[in-house]
Amino acid sequence: MSERKNPYPFDVFEPAWQAVWDEEKTFKVLNPGEEGFDATKPKCYVLDMFPYPSGAGLHVGHPEGYTATDIVSRYKRMNGYNVLHPMGWDSFGLPAEQYAIKTGQHPSITTYANIDTFRRQLKMLGFSYDWDREIATTDPTYVRWTQWIFLRLYHSYYNEELKKARPVSELEAKGWTREQIDNVRLAYVAEGMVNWSPDMGTVLANEEAEEWKSKGHIVERRKLRQWMLRITAYAERLIDELEPLDWPESIKLLQRNWIGKSMGAEVNFTCQGKTITVYTTRPDTLFGATYMVLSPEHELVNEITTAEQKEAVEAYQTVCAAKSDLERTESKDKTGVFTGAYAINPVNGKEIPIWIADYVLTGYGTGAIMAVPAHDSRDYEFAVKFGLPIIQVVQPDNAETPWQDFCGYDGTMVNSEHLNGLSVPEAKKQMTAWLEEKGYGCGKVNYKLRDWLFSRQRYWGEPFPIVWNTKDGNHYAIPESELPLLQPEMEDFKPSGDPRGPLVKATQWIQYSEDFTRETNTMPQWAGSCWYYLRYLDPKNDQAFIDPEVEKYWMGGNNPGGVDLYVGGTEHAVLHLLYARFWHKVLYDYGLVSTNEPFNKLVNQGLILGEDSQKMSKSRGNVVNPDDIVREYGADSLRLYEMFMGPLKEVKPWQTKGVEGISRFLARVWRVAMAENQEGEWELSGKITAEDNGEVTPVRKEVHKTIKKVTEDIEAMSFNTAISKMMECTNAMTGAATVTVSDYVQLLHVLNPFAPHITEELYSILCKQFTTLPACQLCQQPWPTFNPEYLVENTKEIVIQVNGKLRDKITVAADASKEEVEAAALASARVQEFTAGKTIRKVIVVPGRLVNIVAN
RNA sequence: GCCGGCUUGGCGGAAUUGGUAGACGCGCUCGACUCAAAAUCGAGUUCGAAAGAGUGUGGGUUCGAGUCCCACAGCCGGUACCA
């Protein structure tokens with residue numbers, strides 16, 4: 001390393017201020033009911049997506065969002081808000097468990113060691129968290145309430161009329177059977193086809209399956225009993241209640257697409273006296289249905305298949321069953337087999353052949369479709385391949401568009417008896433009504449969203465607070481008094497290949513009582529992150545998951561309610577942000593939280609790329625370590641640089657040279673007040689003066705412009721432009737012979753949320769010499785206001801264009817009339833040069849800005 | 001394929017939302033200080049010798065377009081037969 005002397009002594013004062021904030025609990029915020037709580041202040045809840053404490057430590061992506069929220073938090077505090085700004089750890093997870101398996105160490109040891117590293121690193125950056133509210137999802141005191149919420153789900157069903165969760169005890173009272181109730185619980189057990197890896201001993205999400213297979217693991221399709229959460233019950237609310245939120249439109253769209261609402265109809269076809277119901281979004285095209293397709297797993301396939309086709313159908317079913325969802329969609333080449341059976345189309349009594357094909361999915365709609373090859377691309381492709389008939393029923397309105405494979409809505413019905421001549425949307429409406437009237441079907445809304453597979457075969461997760469009765473085979477909740485239910489201490493938590501997961505090996509733990517054994521699955525990592533933002537409100541409460549009064553203050557009451565600002569990456573756009581909304585709504589239905597949505601405002605920070613504009617990764621060797629940057633340039637420089645790189649939301653590449661530039665800027669701020677003496681020690685330079693005759697100097701004007709700009713930019717979260725304004729202000733001070741202490745302190749003040757250490761240090765040094773300054777920290781003083789009078793200019797520069805091209809600039813009095821400005825513009829020598837020999841057709845005067853002279 | 005987003009100097013990015021394109025920073029050039037270098041300070045820096053041209057490309061609206069409209073291209077992200 002070079003022997004470069006630090007441009008200012010951040011290595012000394014940064015840790016010193018962090019120690020002060022720690023010891024004095026400068027950023028601790030009180031709850032209602034606590035002594036000293038100021039109820040007159042408005043609240044502001046500023047939340048970060050809490051990190052998974054990986055072994056690699058913090059990367060530069062973390063401080064990006066965290067600095068943004070820290071600036072907002074500090075700014076809001078200075079503006080008189082009670083600011084809740086907490087931090088915690090999403091500490092369950094597979095990497096810790098795999099590391100544990102490899103090293104033989106218990107996952108809690110590595111997890112808590114990693115947390116210590118993360119905490120150290122975050123404190124090193126001077127974030128103003130209230131560390132007394134720190135939580136970890138793996139803490140028994142946290143697990144207890146995660147399991148408690150799970151039991152809420154378990155004991156609930158979704159009441160379709162009230163459109164909210166209600167306790168299943170209501171149904172018991174109505175005489176529902178145990179089986180009926182189990183079929184409607186929000187947390188339920190179901191047999192389903194899942195991706196199972198025998199050598200890893202766990203189920204895998206569809207997204208994970210291919211990845212692990214390519215690493216040499218075995219992944220097979222297997223029917224397993226799994227815990228599911230009935231998120232589909234909330235599909236409608238998850239779409240509707242998304243609308244008013246202050247979220248990026250792109251994220252809302254992502255969620256909307258994921259939930260995938262579509263409006264259509266179910267239509268009953270008959271086949272050998274049996275009813276086969278299909279789902280379609282295009283009931284208008286029923287007259288164009290020329291065949292039917294069932295998914296290979298459809299329950300009626302075996303019943304209707306004819307003897308001649310039996311062999312072919314079964315062979316096809318076998319092939320499909322072996323494929324994962326991913327493999328099934330890998331090739332869009334259509335495959336399928338004729339069942340030999342025919343269905344009767346209710347609209348015209350015509351017989352159409354029934355096929356099975358894997359392009360029809362079991363899990364969506366009814367698992368059966370009517371195929372309208374003329375107006376559906378997939379059906380069209382299939383019909384062409386297997387030589388099935390194609391009947392036109394829609395004529396596109398645009399005459400140039402061929403009707404074959406026309407799937408649009410801008411068309412007119414043909415060959416459709418009573419629908420002929422109608423527009424597509426109108427025909428859709430009329431056909432749905434007709435089906436309902438005749439009892440052939442009904443209008444139906446469908447969602448792509450599937451229920452949430454909630455169990456994992458892992459050790460390092462929350463165990464389900466559930467036991468199984470060995471006699472009746474039913475599941476039962478354990479009493480709340482037994483929470484938290486922790487994993488047993490185990491020497492060997494390696495996967496065994498048993499689909500019940502590693503906990504089966506804890507034979508004593510499993511045996512709950514003579515007739516009851518414990519559920520051995522654990523919850524996914526998402527469970528803890530579904531409600532952590534609520535636990536921060538009241539993290540030490542051992543009576544309730546939150547005190548209702550506390551919840552009301554932080555989440556409800558004040559407009560608009562919920563978390564006021566939530567910042568994190570786009571990678572959680574659908575999973576975490578959907579799951580958390582779902583849990584929140586269940587809690588809301590029970591009156592346990594005050595708002596139906598948890599996060600009122602969401603902002604996604606953009607990814608930071610490596611210096612090579614590629615995604616940072618170990619294999620590329622372009623990873624930047626925050627520890628190195630802090631050592632070399634200081635925490636303030638890292639914070640400021642990450643905010644200066646570009647707009648928070650954009651993807652942007654890292655440039656270490658840019659950090660140097662920021663470091664130079666902070667050094668210039670330092671040297672406005674400080675100079676080195678002969679011994680090489682820093683001391684006040686004498687440039688800062690107490691003398692202040694009230695004159696509005698250029699520096700003072702600049703300071704007030706800066707206050708205005710920084711205030712507006714923080715509100716708009718446009719931190720990069722705020723910083724460039726503060727640079728201009730600093731440059732003005734550097735160029736001035738003297739700077740009054742009040743002007744300088746105001747600059748320090750607006751810079752404080754961005755670079756808290758250097759500003760507090762300079763302020764505390766100034767306080768010793770200028771004893772009239774308030775003796776408390778800058779971060780505890782009110783945000784400065786600008787004086788509008790200082791911003792008024794008495795002259796203005798006016799741009800003069802001839803035919804839209806810049807030709808001259810003139811300076812006029814700020815209050816000059818339109819006529820005066822026009823006259824001055826026409827008098828310009830440059831204008832006369834460019835209009836010579838031409839006729840002036842028009843003169844446009846934009847007050848205070850420009851004059852455009854049109855001449856030819 | 002479908003759905004989003006982005007495209008401005010050598011680089012990261014500004015531009016009061018239709019009104020001086022290139023703020024601020026990096027880099028580079030020159031100068032001051034120094035025996036010298038680093039650091040620091042100061043000047044310059046879109047291209048072009050100039051006329052002029054210029055915000056991915058081509059068209060349009062307008063007195064005036066980076067900004068609005070139409071068409072296209074490239075890159076990034078999401079999604080994947082959802083009937």
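The values are calculated or read from the model by the stated rules, or taken from the named source; none is laboratory data. None of the values given here were measured: they were computed from a predicted structure. For neighbour counting, all protein chains shown are included, and Cβ atoms are generated from backbone atoms with ideal geometry for every residue, glycine included. Note: areas computed on protein heavy atoms with side chains; ligands, DNA, RNA excluded. Shrake-Rupley method; radii C 1.70, N 1.55, O 1.52, S 1.80 Å.
Would you mind stating whether A:Glu695 is more than 16 Å from RNA strand B (Cβ to nearest atom), open to solvent by 70 Å² or more (accessible area, probe 1.4 Å) and modelled with pLDDT of 90 or more? No: the conditions fail for A:Glu695.
With over 30 Å from A:Val703 (Cβ atoms) and either outside any strand (DSSP E or B) or aromatic (Phe, Trp, Tyr) (or both) as the only criterion, which of A:Val851, A:Val843, A:Val821 stands out? So the residue among A:Val851, A:Val843, A:Val821 that is over 30 Å from A:Val703 (Cβ atoms) and either outside any strand (DSSP E or B) or aromatic (Phe, Trp, Tyr) (or both) is A:Val821. If you go through the stretch A:801-820 and pick out every residue that is over 52 Å from the mean Cα position of the chain (by Cα) and within 13 Å of RNA strand B (Cβ to nearest atom), you end up with 0. Comparison of A:Gln614, A:Gln605 shows that the only residue that is exposed (fewer than 14 other Cβ atoms within 10 Å of the Cβ) and either of a type in the set (S, T, N, Q) or within 14 Å of RNA strand B (Cβ to nearest atom) (or both) is A:Gln614. If you go through the stretch A:418-452 and keep only what is of a type in the set (D, E, K, R) and over 19 Å from A:Ala371 (Cα atoms), you end up with A:Glu426, A:Lys429, A:Glu436, A:Glu437, A:Lys438, A:Lys448, A:Arg450, A:Asp451. The residues on offer are A:Glu728, A:Glu761, A:Glu702, and the sole one that is among the acidic types (Asp, Glu), away from RNA strand B (no atom under 13 Å from the Cβ) and open to solvent by 10 Å² or more (accessible area, probe 1.4 Å) is A:Glu761.
Counting only strands (runs of 3 or more DSSP E) wholly contained in the stretch A:276-378, the ones carrying 1 or more residues that are more than 11 Å from RNA strand B (Cβ to nearest atom) occupy A:291-294, A:337-344, A:351-356. Scanning the stretch A:382-400 for residues that are in contact with a Gly (Cβ under 8 Å, 6 or more places away or on another chain) and at pLDDT below 90 returns A:Pro396, A:Asp397.
Taken over the stretch A:765-800, the criterion of being part of a loop (DSSP other than H, G, I, E, B), hydrophobic (A, V, I, L, M, F, W, C) and within 16 Å of RNA strand B (Cβ to nearest atom) is satisfied by A:Phe786, A:Val792.
Looking across the stretch A:676-692 at every residue that is of a type in the set (S, T, N, Q) and assigned to a loop (DSSP other than H, G, I, E, B), the one that is nearest to RNA strand B (Cβ to nearest atom) is identified as A:Ser685.
In the stretch A:618-675, counting only helices (runs of 4 or more DSSP H) that sit wholly within it, the ones holding 1 or more residues that are buried (at least 16 other Cβ atoms within 10 Å of the Cβ), under 24 Å from the mean Cα position of the chain (by Cα) and touching a residue at least 40 places away in the same chain (Cβ under 8 Å) span A:626-633, A:635-644.
Each row is one residue, and each column tells you yes or no for (1) touching a strand residue (DSSP E or B) at 6+ places or on another chain (Cβ under 8 Å); (2) surrounded by 17 or more Cβ atoms within 10 Å (Cβ to Cβ); (3) not in a loop (DSSP other than H, G, I, E, B); (4) not hydroxyl-bearing (Ser, Thr, Tyr).
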position	(1), (2), (3), (4)
A:Trp17	no, yes, yes, yes
A:Asp22	no, no, yes, yes
A:Gly33	no, no, no, yes
A:Pro51	yes, yes, no, yes
A:Gly55	no, no, no, yes
A:His62	no, yes, yes, yes
A:Tyr66	yes, yes, yes, no
A:Ile71	no, yes, yes, yes
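Could you tell me whether A:Ala737 is touching a Lys or Arg at 6+ places or on another chain (Cβ under 8 Å), more than 10 Å from RNA strand B (Cβ to nearest atom) and at pLDDT below 95? Here the answer is yes, as A:Ala737 does meet what is asked. Taking the listed residues A:Arg450, A:Arg518, the one that is among the charged types (D, E, K, R) and touching a Gly at 6+ places or on another chain (Cβ under 8 Å) is A:Arg450, with no other qualifying.
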